[in-house]
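Since the structure comes first, as structure tokens, the remarks are kept for the end.
The values are calculated or read from the model by the stated rules, or taken from the named source; none is laboratory data. Everything numeric in this text was worked out from a predicted model, so none of it was measured. FYI the Cβ positions are ideal-geometry reconstructions off the backbone, even for glycines, and counts take in every protein chain you see.
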Amino acid sequence: MHKFWLLLALAGCGPVAPTVVPLKNTVAEDVTGAKYAQAFDLTDHNGRHRALSDFHGKVVAVFFGYTHCPDVCPTTLYDFAQAMTLLGKNANKVQVLFITLDPARDTQDKLAQFVPAFNPNFLGLYTDVEHTSTLAKEFNVYYRQQPVDASGNYAMDHSAFAYIYDADGRLRLRMPYGEVPSDIASDIRQLIR
């Protein structure tokens, strides 16, 4: 009987999981507890290896797109840049990541020109074509290349939402495309500690 109590007492000495703070009145869909979109292994536009865990302690917003996108991608990055302005000093507790779905054209140099133009703290991430396909499936992101035109250009159809992780790296929100910066900032503010 004493062993039972000793085991029970020792069980309480292990690491305590961080508390998941309930979210209230979010614009984004609350996906807390989702089992997808949990990790990545990519290179940023500075040539540095990156994983989601590198940003522990920060709220992380992840958006998949491509630099040749005529509307959705630049609009989303602009809206998140405006949200960072609204967050003021708390913006340094947030990391926005843009993952390309078009690694054939979105080289490190191209991402380095495109992504920081919206905010110098935003990072563009890439990998090879095969890993991009696998990652998109793991993140429930749809994309498809359109036919190449006579000039050699093509568009990409793709999902248009951002995932937002709390400071402990847990997926919490799925932000739809087209939300205004004040709503994005309001949702993110709930996750900042």
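List, please: which pairs have Cβ atoms under 8 Å, are six or more places apart or on different chains, and start with a residue in the stretch 164-193 that is polar (S, T, N, Q) and at pLDDT 95 or above and end with one that is surrounded by 15 or more Cβ atoms within 10 Å (Cβ to Cβ) and assigned to a helix (DSSP H, G or I)?
So the pair list comes out as Ser182/Ala83; Ser182/Leu86.
Can you confirm whether the stretch 147-169 contains a residue that is part of a helix (DSSP H, G or I) and out of contact with any strand residue (DSSP E or B) (no Cβ under 7 Å at 6 or more places or on another chain)?
Among the residues of the stretch 147-169, not one is part of a helix (DSSP H, G or I) and out of contact with any strand residue (DSSP E or B) (no Cβ under 7 Å at 6 or more places or on another chain), which makes the answer no.
Which residues, taken from the stretch 62-96, are closer than 25 Å to Ser133 by Cα, outside any helix (DSSP H, G or I) and in contact (Cβ under 8 Å) with a residue 40 or more places away in the chain?
Val62, Phe63, Phe64, Gly65, Tyr66, Thr67, His68, Cys69, Pro70, Gln95, listed by residue number.
Before we move on, is Asp106 charged (D, E, K, R), closer than 15 Å to Phe161 by Cβ and in contact (Cβ under 8 Å) with a residue 40 or more places away in the chain?
No.
Restricting the stretch 132-143 to residues that are touching a residue at least 40 places away in the same chain (Cβ under 8 Å) and assigned to a helix (DSSP H, G or I), which is nearest to Asn46 (Cα to Cα)?
Leu135
Asp79 - would you say it is touching an Asp or Glu at 6+ places or on another chain (Cβ under 9 Å) and among the charged types (D, E, K, R)?
Criteria met by Asp79.
Just checking, does the stretch 176-188 include any residue being within 13 Å of the chain's Cα centre (by Cα), not β-branched (Val, Ile, Thr) and not in a loop (DSSP other than H, G, I, E, B)?
Yes; the residues of the stretch 176-188 include at least one that is within 13 Å of the chain's Cα centre (by Cα), not β-branched (Val, Ile, Thr) and not in a loop (DSSP other than H, G, I, E, B).
Count, please, the residues in the stretch 1-40 that happen to be modelled with pLDDT under 95 and either outside any loop (DSSP other than H, G, I, E, B) or in contact with a Cys (Cβ under 8 Å, 6 or more places away or on another chain) (or both).
10
Please find, among Thr85, Thr127, Thr107, the residue that is among the hydroxyl-bearing types (Ser, Thr, Tyr) and either surrounded by 17 or more Cβ atoms within 10 Å (Cβ to Cβ) or at pLDDT below 95 (or both).
Answer to the selection: Thr127.
Condition check: of a type in the set (A, V, I, L, M, F, W, C), surrounded by 14 or more Cβ atoms within 10 Å (Cβ to Cβ) and over 18 Å from Thr75 (Cα atoms). Does Leu171 satisfy that?
yes
Considering the stretch 19-39 alone, what residues qualify as being closer than 18 Å to Ser53 by Cα and touching a helix residue (DSSP H, G or I) at 6+ places or on another chain (Cβ under 6 Å)?
Ala39
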